[in-house]
Each structure stands twice: as C-alpha cells, then as structure tokens.
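Before any comments, here is the structure.
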Amino acid sequence: MNPVSKVLLIAALCVLAAALIAAAVFYIRFYRHEHFRCPRCGHCFKPPVLQMIFAVNAVEGKIIRCPKCGEREYMEPVED
C-alpha cells in the first residue's frame, strides 16, 4: 500500500468515526429530552434506536410507526 492510499484510508476512517460520534450524540440528546406524539391517537413514545435510524427523515420530524395504533405517520419530536 503506497503512502497516499494510507493517508486516504486514515482520513476516511476519521470521517466515519466523526459521523458515528455525531449520530450517537444526536440520539443520546433525543432520548434524554424529546419524544414523539402520534397525531392520530395522541400516544407519546420514544422509538427504539434502530427504528429511529431507519425511519424516513422529513423536514424536522420523521415518518414513523406508532406502537399503539400501528399507523405510519409524520411526527415531529416534542420536548419532554
């Protein structure tokens, strides 16, 4: 492996590590201070991390499934 390839690999790993740390900080902040409220049934919940990661992002909220009524709706986070 030549020196340029090593530098690019190290840079890519640093960017990946920074992105993972930023995502972890975002989700920790969310779980400490915010929740979702279903617009159909009014149920308040904090979804599992994997559901948060794979949910469709839309404007400021997410399109996510309510665990109580099962409807998939756009929901914005609400402060605790």
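The values are calculated or read from the model by the stated rules, or taken from the named source; none is laboratory data. These numbers were taken from a predicted model, which means no experiment stands behind them. Neighbour counts run over all protein chains shown; Cβ positions are idealised from the backbone, glycine included. Each accessible area value is taken on the protein alone, full model and side chains, heavy atoms only, with ligands, DNA and RNA left out. Shrake-Rupley method; radii C 1.70, N 1.55, O 1.52, S 1.80 Å.
Cysteine residues of the chain whose Cβ has no partner cysteine Cβ closer than 4.7 Å: CYS14, CYS44. Of the three principal axes defined by the Cα atoms of the chain, the extents in descending order read 59, 22, 20 Å. Annotation: per residue accessible area for the chain equals 73 Å², rounded to a whole number [probe 1.4 Å, protein chains only]. A simple count of charges around GLU79, restricted to other residues whose Cβ falls under 14 Å of its Cβ and scoring Lys, Arg +1 and Asp, Glu -1, yields 0. In a reduced charge model with +1 at each Lys and Arg Cβ and -1 at each Asp and Glu Cβ, the chain shows a dipole moment near 220 debye about its Cα centre.
Normalised by the number of residues in the chain, the mean separation of alpha-carbon contacts (under 8 Å, six or more apart) gives a relative contact order of 26 percent. Solvent-accessible area assigned to carbon and sulfur over the chain amounts to 66 percent, based on a 1.4 Å probe. Computed from Cα positions, the angle between helix 3-33 and the longest principal axis of the chain comes to roughly 20 degrees.
The loop-placed GluC sites (Glu not before Pro) in the stretch 39-75, going by DSSP, that have at most 10 neighbouring Cβ atoms within 10 Å of their Cβ come out as GLU60.
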